Every structure is written in structure tokens, then in C-alpha cells.
Amino acid sequence: MRLFEKYYPRGYAKSVFAIDYTKLYEKGCRAVIFDIDNTLVHHGDNSTPEVDQLFVKLHAAGLKTLLLTNNDEERVLRFIKNIETEYICDAEKPDPSGYIKAIEKLGVKRSQAVVIGDQLFTDILGANRSGIAGILVRFIKLPEEKRIGKRRYLEKLIMLFWRHSKHKKFNDIYLGES
Ligand SMILES: [Mg+2]
């Protein structure tokens, strides 16, 4: 459905840990721009050793990283206690300006970066508006969270169309075995 195309990600992964970053590098990717909340950790949570380790792994693989969040600096500083990374807070996603600033900060071309986030209407829409490939990851939800918001249902619907669209063929570029 054309109406939804601006929300279509270039790839989908179960989690940030399911992405084959080596493959991304081989495809020319040099920088990864992450959303934090519900992408790397549950909303508001501190980082975990697993996430800290992921950043070490990415840097060792030759990838630069940047956190792009609509949240404030206090939240970012609390999150990056054990992570060395660039960040931009109060980004006002899906506005493209934060994404463009991110690319400049990282010193890469748009085509050399990917955006990884859990929301089509902010992370992915902004990536598309900025001409950067977006990868949607399943949002992190605690077991006791039974209800999901209306927006999440709409996202599910859009992803249903996405799965049947030609865009799906890009998916294999980004997904590793999880
Ligand atoms: Mg998020």
C-alpha cells in the first residue's frame, strides 16, 4: 500500500542482537545509529552488560555508533556509563535534522549508515526522510505488559503490508541468524 511506504523499513530483526553486523560492514555500512528506549533496553532502563558488549563488538568490527534519542541528556548519560559512543539527545525524531547531524558527527555518508529503532512513526519515518536505511526491531516489552497501544496495532498492520511488498527483498541484507 503506497500510503504506508514512507514508514517501510529496509529490514526487520527480532532484536538488536539478531542483526548480522559483519554483513552490514561488508555491504559498506560504517556507522550504526541506535534508538535507546525499547530498542536497546526497556523504556528508561539502564544499559545491560549484553548491550555494553554489543557496542564493544561493533567498534571492533569497524562500525561507529551514535545514540539518537528524543529523550533528554540525563537519560543518555545514565545509559552510557559503560559505553563509549556519540549521542544526540532531544532529537525530535522523525524530524530529519537530528539524523543529518548524526551523519555529520559520524563523518559518514547517508549510504554508509543504518538507523535501528523500534518505532515506524519516529525512528523509521525519520530515517526514510533523511535517506538513511532503517531497520525496525521488535520493541522490548516486559512480560507483565499485556496491553499494547493503538500505535503498535497500526505498526503491525503496516508491517503486514511491508511483508507482502517488494521492499521485503532488502531484508536479507540485514538479518543474521538469531
Ligand atoms: Mg524507542
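The values are calculated or read from the model by the stated rules, or taken from the named source; none is laboratory data. Keep in mind that this is a model prediction, so the values were computed, not measured. Neighbour counts are summed over all protein chains in view; Cβ atoms, including those assigned to glycine, are modelled from backbone coordinates with ideal geometry.
Among the criteria (1) part of a loop (DSSP other than H, G, I, E, B); (2) surrounded by fewer than 19 Cβ atoms within 10 Å (Cβ to Cβ), the one Y25 does not fulfil is (1).
So how many residues does region 78-95 have that are of a type in the set (V, I, T) and exposed (fewer than 14 other Cβ atoms within 10 Å of the Cβ)? Result for region 78-95: 0. For D35, are the conditions met, namely being in contact (Cβ under 8 Å) with a residue 24 or more places away in the chain, closer than 28 Å to I148 by Cβ and within 16 Å of the ligand (Cβ to nearest atom)? It is true that D35 is in contact (Cβ under 8 Å) with a residue 24 or more places away in the chain, closer than 28 Å to I148 by Cβ and within 16 Å of the ligand (Cβ to nearest atom). In region 96-120, of all residues being within 16 Å of the ligand (Cβ to nearest atom) and part of a helix (DSSP H, G or I), the one that is surrounded by the fewest Cβ atoms within 10 Å (Cβ to Cβ) corresponds to G98.
Residue by residue, here is whether (1) within 30 Å of I158 (Cα to Cα); (2) surrounded by fewer than 22 Cβ atoms within 10 Å (Cβ to Cβ) holds:
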| position | (1), (2) |
| --- | --- |
| S15 | yes, yes |
| Y21 | yes, yes |
| R30 | yes, yes |
| L40 | yes, no |
| T48 | no, yes |
| D52 | no, yes |
| T65 | yes, yes |
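The set of residues from region 15-60 being of a type in the set (G, A, S), under 14 Å from the mean Cα position of the chain (by Cα) and over 27 Å from E92 (Cβ atoms) comprises just one member, A18. E84: closer than 25 Å to M159 by Cβ, more than 12 Å from the ligand (Cβ to nearest atom) and assigned to a loop (DSSP other than H, G, I, E, B), yes or no? No, not satisfied.
Could you grab me the full set of residues in region 121-154 that are surrounded by fewer than 21 Cβ atoms within 10 Å (Cβ to Cβ), part of a helix (DSSP H, G or I) and charged (D, E, K, R)? Residues satisfying the conditions are R129, K150, R151, R152. Scanning region 38-64 for residues being more than 16 Å from the ligand (Cβ to nearest atom) and under 22 Å from G126 (Cα atoms) gives a total of 2.
Going by the structure shown, is A31 modelled with pLDDT of 95 or more and not aromatic (F, W, Y)? Against the criterion (modelled with pLDDT of 95 or more and not aromatic (F, W, Y)), A31 qualifies.
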